[in-house]
Amino acid sequence: ASRQAQLMEVLKKEVRAMLIAAKAGLTPEQLEEQYMAMVCTPLPLRNLGFQSTLELVTQMPEVVRICSSKNGTLILKAIADDSTKGIAKLVANQKVKTRKASKKTATKANATFPTKNSKTPQSFQTLSARTPVLPAAVKAELQDLLSSSPLLLADLDKAFLRRFGRAFQYRQYGFLSMFEVLRSMSDSVVIEQTKAGSLLVLRKYLASQIEQKEVPQASAAEMPPLEPICETESFYQAALPVDSEPVQARTVDLGDHLKQHQGFEQFPPTPEIPPDAVQDRSLCGLPPLKRRCLVGVIVEFIVSPSQFYIHICSTEASYKLQDLMFEMRHVYSHKVASDKYIMPESAVRPGQLCCVMVSKWWYRVIIHRVINDQEVEVFYADYGHLQIVQKSWLRFLKWHYLKLPAQAIPCSLAWVKPVEGTWSSAAILLFKHLCHFKELVGIVDEYVDGVLYLFLCDTSTKEDVYFHSVLRDMGYAHVCGENVPSQEFEELNPSALYVQPSGKQGNAEVVESDLRLQQESRDADN
């Protein structure tokens with residue numbers, strides 16, 4: 001009896017978590033499917049003495065509310081308790097796109113997709129829907145959440161909200177269930193069954209525990225914090241011109257906090273620059289894509305339809321970038337190693353490749369300009385945006401972090417130009433909305449002065465939605481059948497300034513030829 005009571009309590013938590021995440025509720029059959037998908041075992045009906053799922057949930061009146069839809073279908077909805085009311089409220093306020101509107105837009109876009117011959121190429125007409133994908137930053141957040149210890153599935157929502165200050169709303173990324181989310185992360189997260197319930201475990205957890213015993217992690221007080229650059233909301237809200245005031249204001253607001261860490265405001269004397277510190281090298285870019293090829297992309301940063309940066313949706317590339325970030329965090333978070341790579345004032349100059357710490361994560365950056373004695377503006381080579389940071393947050397980049405090409409690709413939407421000469425704020429907002437956290441299909445047109453011109457298509461609806469057609473139909477753009485050079489990139493293209501074209505510089509060869517230096521660098525880390 002005690003075992004059954006314990007199992008019932010665990011099951012109540014898991015059922016509540018599943019139903020809270022499902023804004024519209026679930027049918028009993030859908031609940032069975034999601035439980036099977038997530039826990040990899042059927043609902044324990046027989047163990048608890050029940051004959052059906054409906055009989056089970058009727059014994060959970062404090063957890064499940066049974067409703068009836070217009071067609072008579074039974075719908076199960078969650079009853080939030082004190083610990084989950086905040087999450088339930090956030091999910092309830094989540095905006096959901098109507099499929100009807102999407103189909104209408106898609107029909108227009110598909111019917112009017114232009115070509116220079118006024119005919120739609122056969123390869124462009126219909127693109128199959130793709131599996132949703134978590135943005136790299138959100139995936140890193142989940143991995144970070146599990147990196148310190150495993151987490152019960154029933155506690156995931158509360159832990160995510162407590163850690164990042166927002167609910168984990170997987171539906172906004174295109175997922176229909178938590179199972180799909182976990183399946184997309186099956187390479188890094190596994191589900192184990194325990195007496196307490198389903199346990200989410202990071203595959204690298206045991207190895208990281210061993211490493212942490214040998215290499216202590218830096219405390220939060222050892223490095224000044226900064227707002228995350230890749231958080232789900234703040235990241236896209238930061239899509240502003242490079243000289244925007246909000247970014248500067250955010251840095252200034254931290255002044256009082258920084259006064260508590262005067263030790264990091266001054267550059268301690270460094271006896272010598274480590275031999276594996278990058279000083280006069282540049283990152284190389286990714287190889288160019290072939291004309292007319294179709295490729296999965298995620299738009300990482302947007303200034304306008306004529307200036308944005310993408311990531312290629314490649315499993316291998318995504319894992320390499322994540323592995324790089326985890327390794328850099330592991331190495332630089334060790335105070336002795338971090339102090340070793342402090343940059344002297346003479347090295348803080350425009351064009352210098354280095355790394356910066358933001359919200360305990362380390363990013364590869366290039367110094368774009370020196371603002372004053374305390375601040376510099378840096379370009380994030382793997383994400384595409386500029387940001388003002390403190391000089392004291394910079395470190396030399398270790399040599400073996402140079403090999404992975406810069407992952408952000410500068411792009412412009414093909415065949416369009418703004419109706420008013422410059423993109424209106426409404427046009428930019430619409431474009432951001434179309435791109436928001438989706439895996440899209442990119443159709444490569446051409447490269448102009450190092451900028452990739454491509455068409456973007458959303459295939460998540462029944463009919464494909466081409467973004468250039470949507471902008472035209474809304475009256476924001478002219479479709480001109482040719483690529484007009486991006487005015488924004490002509491004024492400033494950090495990638496062209498600081499990232500070498502793939503195959504046109506000796507960066508990779510130098511790295512490969514100096515394997516001994518790389519090995520010494522890794523040995524020093526160990």
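Here, each number is a calculation from the coordinates, and none is a lab measurement. Model, not experiment: these values are computed from the prediction. When we count neighbours, we look across all protein chains shown, and the Cβ atoms used for this are built from the backbone with ideal geometry, even at glycine.
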Q: Would you pull out the residues with amide H under 5 Å of Glu439's amide H, same chain only if 5 or more places away, H placed 1.01 Å from N?
A: Val133
**Q.** Simple label model, 7 Å out from Cα along Cβ direction - Asp81 to Glu9, nm
**A.** 0.9 nm
Q. What full-extension length gain, to one decimal in nm, is calculated for Arg292 and Val419 as 0.36 nm per residue of separation minus the Cα-Cα distance?
A. 43.1 nm
Q. How many nm is it between the label spots at Glu482 and Ala159, if each spot is 7 Å from the Cα in line with the beta carbon?
A. 5.7 nm
Q: For a quick protection proxy, order the peptides 276-285, 317-326, 133-142 by their average other-Cβ count within 10 Å, most packed first.
A: 133-142, 276-285, 317-326
Q) Kirkwood hydrodynamic radius of segment 136-205 from all distinct Cα pairs, in Å? A) 12.3 Å
(Q) Could you tell me the calculated FRET efficiency between Ala1 and Ile312, based on Cβ-Cβ distance and R0 = 60 angstrom, to the nearest 0.05? (A) 0.60
Q) Cα-Cα over 29 Å: which of Lys398/Lys432; Lys23/Lys438; Lys290/Lys462; Lys158/Lys403; Lys340/Lys432; Lys158/Lys340? A) Lys398/Lys432; Lys158/Lys403; Lys340/Lys432; Lys158/Lys340
**Q.** Mean Cβ count within 10 Å, highest first, over the residues of peptides 420-428, 67-75
**A.** 420-428, 67-75
Q) If R0 is 51 Å, what FRET efficiency do you get for Tyr319 and Cys67 from their C-beta distance, rounded to 0.05? A) 0.75
Q: Subtracting the Cα-Cα distance from 0.36 nm times the residue separation, let me have the gained length for Arg46 to Val348 in nm, one decimal.
A: 102.0 nm
Q: List every residue whose amide H lies under 5 Å from the amide H of Glu446, counting only residues 5 or more places away in sequence or on a different chain, with H placed 1.01 Å from N in the peptide plane.
A: Tyr453
